1. Within the set of pairs 6+ apart or on separate chains, which have a first residue in the stretch 76-99 that is aliphatic (A, V, I, L, M), a second that is crowded, with 19+ Cβ neighbours inside 10 Å and at pLDDT below 95, and C-beta atoms under 7 Å apart?
2. Of the residues in the stretch 18-56, how many are hydrophobic (A, V, I, L, M, F, W, C) and more than 23 Å from Tyr85 (Cβ to Cβ)?
3. Does Phe38 qualify as being among the aromatic types (Phe, Trp, Tyr), within 20 Å of Lys93 (Cα to Cα) and out of contact with any His (no Cβ under 6 Å at 6 or more places or on another chain)?
4. Which is modelled with pLDDT of 95 or more, under 13 Å from the mean Cα position of the chain (by Cα) and over 26 Å from Ser128 (Cα atoms), of Ala47, Ala59?
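The values are calculated or read from the model by the stated rules, or taken from the named source; none is laboratory data. The structure presented is a predicted model; accordingly, all values stated were derived computationally and were not measured. Cβ: placed from backbone, ideal geometry, glycine included. Neighbour counts: every protein chain shown.
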Amino acid sequence: MRRVIVFTMIIVFSFSVFGAAAFAEAVDKDGNSITWTFSFEDGKNVAKAKSSAISQLKAQGHVNVRSTASTTLNQGFYAVLYSAYWVEGILKKSFTYAFSSKSEDDAKAEALKSLKKLKGWKEDQGYSVNKSGSF
């Protein structure tokens, strides 16, 4: 019985050291990124963090919303990159998102890797750091 009590106390008191974070974005009818939001939730519940981020955008009146990136890091760094680029004569606008446990620069490098995977994006079309920081 004592083991059960100790185990239960460890679980209850350790919840605050676990977290989950997620980004969500709103997109227009052409698939262009309009805006984004970030959510952090105590407990290792990525689904809750995603749902919270999506709910924030829907509360702002956005209809087409999707979860884009998530993590179970309790603390770390994030980066959001933005690029407007041409694909077959059509202007595309995209955000990419990344997390890192190491540094803000590492999060930026990871977000750039995601940007490089976008169909039609070329490095000479450029990008900007929309936001970066820690959580």
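1. That search, which allows pairs on different chains as well, returns nothing.
2. Total meeting the criteria: 11.
3. Answer is yes for this residue.
4. Among Ala47, Ala59, only Ala47 is modelled with pLDDT of 95 or more, under 13 Å from the mean Cα position of the chain (by Cα) and over 26 Å from Ser128 (Cα atoms).
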